[in-house]
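Read the figures in this text as sums done on the coordinates, not as results from a lab. Every value quoted in this text rests on a predicted model; they were computed, and no experiment measured them. Cβ sites come from the backbone with ideal geometry, for glycine too, and all protein chains shown count toward neighbours.
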Amino acid sequence: MRIRVIAFNTFKEAIRDRILYLLLFFAGTSILLSRILALLTVGDRVKIIKDVGLASISLFGALMAILIGTGLVYKEIDKKTIFTLMSKPLHRYEFVLGKFFGLVLTLFLMLAAMSLIFMALVFLHTWRFEPQLLLAIAFIFFEFVLITAAAILFSCFSTPILSALFSLSFYIIGHFSWSLETLLRKLRPGPTRVLGQALYTLIPDLENFNFKTEVVHGLPLPAGMLAYSLLYGTLYTLFILTLAVIIFRKRDFL
Amino acid sequence: MATVLKVDNVRKSFSLGLIPKKKEILKGISFEVAQGEIFGYLGPNGAGKTTTLKCVLGLIYPDAGTIELWGMPHLALKAKARVGFLPENPYFYDYLTGEEFLDFYGQLFSLSRTDRRERVAGLLKLVDMTRAAGLQLRKYSRGMLQRIGLAQALINNPSFVALDEPMGGLDPLGRKEFRDIIVRLRDEGKTVLLSSHILQDIEMICTRVAIVLEGRVVSQGALRDLISQKILFTEVEVAGLPESELHSFGDCLSASSGRTLLKIHREDLVDGALSHILSRRGKVLSLIPRTQTLEDLFVDIVKKE
């Protein structure tokens, strides 16, 4: 109940943030620009529209999660609004989770808006509804959820600028960590491989949520792979949120 | 009287700065607040008043010592549900209107929609903010924020209210209204912890006080026990007599437009002075015996420490 109250207040706060609409505008423009890019390209124009559209949704949504998420907890402490809030009968974990769900709700709405523009654009070119695109978008949303958790974790102990840098690094590392896995496969068994394996387990692999290529090119999507990605996202998000709660629980609000 | 708040030997240090240096802010604070009283917690800036309050409200964790509310650990949600708090220089969500803001806090106490609507309207009326209910908090003045802050502290109809410098930023009329509200809260059976360095306010409404200095409670008890009732001196304002005729009774503090302010230090000289003034056809405009004030006590303690 209290988590819901905090979440709705966070949602109110986030949707009044101008940066959100700026990013939404750029995302919309970028999706629409894919049409022009398609005109300049030789080959399947619809594929280009789908590719660029999904990439735009993924990038601008992640930026929304990072730029808003990194300020959420810090702002409460910096602006001292936390004083009245935490003096109420509210567990600290409820506050962190409320902030998390509030931003997730905001991102869900933003994703819905971006998807609407994207799906409409695709529909205008193909004159048919392609539900598999929604599957790719759903996994982009799971990625946003994980990035939101990371942004909130960093926001629990550092300033918005530092948190944004950490979160951006999290996003970039997350999209390139698959190369570490490829490298590990080529390594002989030994301590280096074990160490590499441990590192790979710890750092995020956001490519687990990337089904854009499969969806755009009509490749098969095994259910096991989707289930693994879903489980991975859930567990990693829980891990990050637990860390955030542990850090936040120990904080003194000066 | 039952004890509402018990603070026992609370210590707190902070490590601040680039090269962390430990600074002890609270050095073993102990005091108790009884049911139905207005307890004044006073001290100069930086004495540790706000840190104590933050410890009580669970905003910071003490290094040592215990804090109990109604015999329960102070962090218990059951205890916190009965507490109201107004922080110093309150900062609130400036994108909310006054009404939305109070409603938000009401929801944290799981109040029903009807209860919240009633409570919010009543509190807005109590703090005289009904006219600004639909205005975003970013458009509020400091005094208005203080008023809406008090309303949020009372949203749960608390049994114990902690107020940190509540009268800061208020004009004289606002201060009087706040004092009246605090007294009304006490009359309703609520317990109030009032942290302030405005001694006049504390003296006017508090029954018991604790004076904190450099992280220690240096004096505490009932105001009437702490402040001596002995007359320190008497101030007599006289008209129609030259200053030279009054010197033998005491110090002439000021003399203008035929009026002299005489400060008589010895009580036994007051009658003599009055007889002399009347016999010389002078006029006594006012006579004020001055007993010790909380300010005198406070200054004495600070100087001693």
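Expressed as an acute angle from 0 to 90° and rounded to the nearest 10, what is the orientation of the C-alpha long axis of helix A:18-39 relative to the principal long axis of chain A?
Around 10 degrees separate the two axes.
Which percent, to the nearest 5, of DSSP beta bridges fully inside the protein assembly as shown are antiparallel?
Numbers: 44 of 62 bridges.
The answer is about 70 percent antiparallel.
Quick one: angle between helix B:172-187 and the longest Cα principal axis of chain B, in degrees between 0 and 90, rounded to 10, please.
Relative to chain B, helix B:172-187 is tipped by roughly 70 degrees.
Under a GNM of chain A (C-alpha, springs under 10 Å), which listed residue has the highest mean-square fluctuation: A:Ser58, A:Ser34, A:Ser169?
Result for chain A, Cα springs under 10 Å: A:Ser169 fluctuates most.
Size of the stretch B:70-174 along its principal axes in angstrom, Cα-based, largest extent first?
Principal axes ranked by extent give 39, 31, 22 Å for the Cα atoms.
Determine, from the Cβ-Cβ distance of A:Ala113 and A:Leu230 and an R0 of 25 Å, the FRET efficiency 1/(1 + (r/R0)^6), rounded to the nearest 0.05.
Rounded to the nearest 0.05, the efficiency is 0.55.
Mind checking the angle between helix A:92-126 and chain A's longest principal axis? C-alpha axes, 0 to 90 degrees, to the nearest 10.
20
Taking the convex hull of the Cα atoms, report for the stretch A:2-250 its projected area averaged over all directions, in nm². Intermediate values should be presented prior to the final figure.
Values: hull surface 61.9 nm².
Mean shadow area of the hull around the Cα atoms is 15.5 nm².
What number do you get for the protein assembly as shown when its Cα radius of gyration is normalised by 2.2 N^0.38 Å, N = residues?
Numbers: Rg = 32.9 Å, N = 559, 2.2 N^0.38 = 24.3 Å.
It is 1.35.
Mark the label point 7 Å from the Cα of A:Arg35 along Cα→Cβ and return the residues of the stretch A:109-131 whose backbone N is within less than 14 Å of it.
Of the residues in the stretch A:109-131, A:117-127 have backbone N under 14 Å from the label point off A:Arg35.
Please give me the summed charge of the neighbours of A:His217: other residues whose Cβ is under 13 Å from its Cβ, Lys and Arg +1, Asp and Glu -1.
Details: positive: A:Lys47, A:Lys50, A:Lys212; negative: A:Asp44, A:Asp51, A:Glu130, A:Glu214.
Local charge sum for A:His217: -1.
Stokes-Einstein diffusion coefficient for chain B at 4 °C in a medium of 1.567 mPa s, Rh from the Kirkwood formula over Cα pairs: what value in µm²/s? Don't skip to the end; give the middle numbers.
Numbers: Rh = 22.0 Å.
Value of D from the Cα-based Kirkwood radius: 59 µm²/s.
What distance in nm separates the simple spin-label points at A:Leu254 and B:Leu287, each placed 7 Å from Cα in the Cβ direction?
5.7
For a label point 7 Å from the Cα of B:Glu245 along Cα→C-beta, name the residues of the stretch B:282-298 whose backbone N is under 17 Å from it.
Output list for this probe position: B:282-286.
Given N residues in the stretch B:26-82, what is its alpha carbon radius of gyration divided by 2.2 N^0.38 Å? Intermediate values should be presented prior to the final figure.
Values: Rg = 11.7 Å, N = 57, 2.2 N^0.38 = 10.2 Å.
Taking N as the residue count of the stretch B:26-82, the ratio is 1.15.
Run the Debye formula on the Cα coordinates of the stretch A:1-82, all scatterers equal and no solvent, and tell me log10 I(q)/I(0) at q = 0.23 1/Å.
Evaluating at q = 0.23 Å⁻¹ gives log10 I(q)/I(0) of -1.04.
Set Lys and Arg Cβ to +1 and Asp and Glu Cβ to -1, take the dipole of the protein assembly as shown about its Cα centre, and tell me which of A:Phe141, B:Phe39, B:Gly58 lies farthest positive.
Selected residue: A:Phe141.
If R₀ is 51 angstrom, what is the calculated FRET efficiency for the pair A:Ile161 and B:Thr207, using the beta carbon separation as r and rounding to 0.05? Before the final figure, lay out the partial values.
Numbers: r = 49 Å, r/R0 = 0.97.
Approximately 0.55, to the nearest 0.05.
Using a 7 Å offset from the Cα along the Cα-to-Cβ direction at both B:Met72 and B:Arg11, what is the distance between the two label points in nm, to one decimal?
Label at B:Met72, label at B:Arg11, 2.9 nm between them.
Within 10 Å of each Cβ in A:3-12, how many Cβ atoms from other chains are there, averaged over the peptide?
Working: counts 0, 1, 8, 3, 0, 2, 8, 0, 0, 5.
Mean shielding by partner chains, rounded to a whole number: 3.
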